[in-house]
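Structure first, commentary second.
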């Protein structure tokens with residue numbers, strides 16, 4: 001029965017990760033610009049075009065359905081001169097943790113999220129964390145856990161949407177969320193979206209004094225959207241950083257103006 005469940009899980013994973021037909025996606029950042037801008041440790045958010053992207057966007061109320069992390073040009077073994085380097089690491093529902101090229105998402109809308117003030121030795125630890133997990137596969141035995149994503153329009157209360165992504169057997173869910181990346185940053189105590197609680201100080205001379213305590217949320221609850229709204233990640237827009245000048249745009253006249 002285990003083999004049957006595993007086989008069915010693989011088939012369902014293949015179905016969920018297949019691209020949708022008749023979808024229009026605009027790449028706002030070119031592959032060349034991504035290559036020139038990305039730094040090791042940057043998180044690349046992706047506006048995905050697979051069947052699984054739709055329910056993830058619905059449950060997280062976000063444009064972003066997937067996240068990968070940039071590890072740099074030298075983190076992985078060199079390839080043949082005619083091959084593009086593997087510079088992104090992601091947790092894929094079907095293939096598990098894998099390394100891919102920038103071309104994999106060059107045709108989709110993406111966003112760069114950069115950890116602010118991350119020290120170089122911690123940056124290396126984050127990169128090493130994800131690289132060391134390449135080849136890990138996720139348990140697909142719980143087919144029903146995966147099947148719930150086939151029904152993205154079922155009404156789900158807002159307060160339960162994040163929790164819904166963390167339910168089920170575990171590994172298949174983590175393959176579609178940002179668990180791998182969240183664990184990597186947690187390994188160096190870098191915050192993403194921690195719970196911040198105020199603890200009032202027992203000081204008779206200062207009734208309003210308190211201390212803020214950061215509590216790390218469980219990694220299974222993180223989604224791609226969290227890196228976008230995190231106050232600890234900078235949003236990098238290459239076009240703006242390279243000195244955008246709207247006056248320099250060569251517009252093509254519309255038919256109405258001709």
Got at least one residue in the stretch 59-75 being buried (at least 18 other Cβ atoms within 10 Å of the Cβ), in contact with a helix residue (DSSP H, G or I) (Cβ under 8 Å, 6 or more places away or on another chain), at pLDDT below 80 and not in a loop (DSSP other than H, G, I, E, B)? yes
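Being at pLDDT 85 or above, buried (at least 18 other Cβ atoms within 10 Å of the Cβ), out of contact with any strand residue (DSSP E or B) (no Cβ under 7 Å at 6 or more places or on another chain) and assigned to a loop (DSSP other than H, G, I, E, B) narrows it down to one residue among 86, 108, 118, 140; which is it?
Details: 86 fails: out of contact with any strand residue (DSSP E or B) (no Cβ under 7 Å at 6 or more places or on another chain); 108 fails: out of contact with any strand residue (DSSP E or B) (no Cβ under 7 Å at 6 or more places or on another chain); 140 fails: at pLDDT 85 or above.
Among 86, 108, 118, 140, only 118 is at pLDDT 85 or above, buried (at least 18 other Cβ atoms within 10 Å of the Cβ), out of contact with any strand residue (DSSP E or B) (no Cβ under 7 Å at 6 or more places or on another chain) and assigned to a loop (DSSP other than H, G, I, E, B).
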If the requirement is being within 15 Å of the chain's Cα centre (by Cα) and modelled with pLDDT under 85, which of these qualifies: 92, 145? 92
Would you point out which residue out of 32, 80 is assigned to a helix (DSSP H, G or I), surrounded by fewer than 17 Cβ atoms within 10 Å (Cβ to Cβ), modelled with pLDDT of 75 or more and out of contact with any helix residue (DSSP H, G or I) (no Cβ under 8 Å at 6 or more places or on another chain)? 32
Apart from one, (1) at pLDDT 85 or above; (2) surrounded by 10 or more Cβ atoms within 10 Å (Cβ to Cβ); (3) assigned to a helix (DSSP H, G or I) all hold for residue 247; the odd one out is (2)
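The values are calculated or read from the model by the stated rules, or taken from the named source; none is laboratory data. Worth saying up front: this structure is predicted, and the values here are computed from it rather than measured. Note that each Cβ is placed from the backbone with ideal geometry, even for glycine, and that neighbours are counted across all protein chains shown.
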